[in-house]
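Encoded as structure tokens, the structure appears first; notes follow it.
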Amino acid sequence: MKEDKIWQDYLFKNLDKFLNGLTENDFIDGEKLNSSDIEIDKSIPKNTYISLRKYINQDAIKSLQNRFRAHKHRQKTGIKNIQLKENYLIMLEKFKNLVGAETLEETIDFLLSPDYRDYEHDVNQAKAQLAENSFSGTEVMTENFAKRLKNYDRERLSLIIEMAFNEGWRSAKQSKKRTGNPRKEALSQSDLYNDVVKLITKGNDGDY
């Protein structure tokens, strides 16, 4: 039967993870067990739940039932779970609010679907506004940039960051100035920063 196969696949992939997530209080004998420690009927959900009642309490059974119910719903509707770092989720939520999307799914439609081409101006405005806001995006920006590099270049990037950090550390210890904008002035005197700015200027002039 189709549901039996779905159930058996689900148990194969998730039973150990589920049992490991339970506390000792969830087990009848007060001792944590894994799938190799128990004997259960995996043919259909009802039989499995009956078998599991010898080992775990009713609250744990209900938790497994709810998880499997949600799994079946995702299977039927095609909904999948995705994992995002918190920074990415924050960006996506802000973008969703800026373009007026109802859900995160529609947010992705705004970005990718041809049906939302009429909203291109709103999308570009939202992107520009997000770029101006500070939402701890340094990690995201650096990671995305590093992913485009070959490993050799990533090693060079690591050395450059270390050099920049050390230069900033030395400047901070030597500087006694507290008026004006000492941080900006120190940056303008950084050889590493100025070398890169010169390359950017030459690139804009068409020399590179």
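Considering only residues in region 85-105 that are polar (S, T, N, Q) and assigned to a helix (DSSP H, G or I), the one that is modelled with the lowest pLDDT turns out to be Asn87.
Among the residues of region 50-79, the one identified as surrounded by 11 or more Cβ atoms within 10 Å (Cβ to Cβ), of a type in the set (S, T, N, Q) and either farther than 30 Å from Glu31 by Cβ or not assigned by TED's automatic domain parsing to the domain that holds Phe18 (or both) is Gln75.
Of all the numbered requirements in (1) in contact with a helix residue (DSSP H, G or I) (Cβ under 7 Å, 6 or more places away or on another chain); (2) of a type in the set (Val, Ile, Thr); (3) assigned to a helix (DSSP H, G or I), Ile50 misses one, and that requirement is (1). In region 1-32, the qualifying residues are those that are part of a helix (DSSP H, G or I) and aliphatic (A, V, I, L, M), and the one that is farthest from Lys72 (Cα to Cα) is Leu19. Just to be sure before I move on: is Asp4 of a type in the set (Asp, Glu) and either at pLDDT below 90 or in contact with a helix residue (DSSP H, G or I) (Cβ under 8 Å, 6 or more places away or on another chain) (or both) in the structure I sent? Judged against the criteria, Asp4 is a match. Say we look at region 159-191 and pick out the residues that are assigned to a loop (DSSP other than H, G, I, E, B) and farther than 22 Å from Ala146 by Cβ; which of these is modelled with the highest pLDDT? Filtering region 159-191 for residues that are assigned to a loop (DSSP other than H, G, I, E, B) and farther than 22 Å from Ala146 by Cβ, the one modelled with the highest pLDDT comes out as Gln189.
Ile82 meets all of the listed conditions (1) exposed (fewer than 15 other Cβ atoms within 10 Å of the Cβ); (2) at pLDDT 90 or above; (3) in a loop (DSSP other than H, G, I, E, B) but one, namely (2).
Once region 31-43 is narrowed to residues that are of a type outside the set (D, E, K, R) and surrounded by 14 or more Cβ atoms within 10 Å (Cβ to Cβ), the residue that is farthest from Lys5 (Cα to Cα) is Leu33.
The values are calculated or read from the model by the stated rules, or taken from the named source; none is laboratory data. What you see is a predicted model; the values in this text were computed from it and never measured. Reconstructed Cβ throughout: ideal geometry from the backbone, glycine too, with neighbour counts over all protein chains shown.
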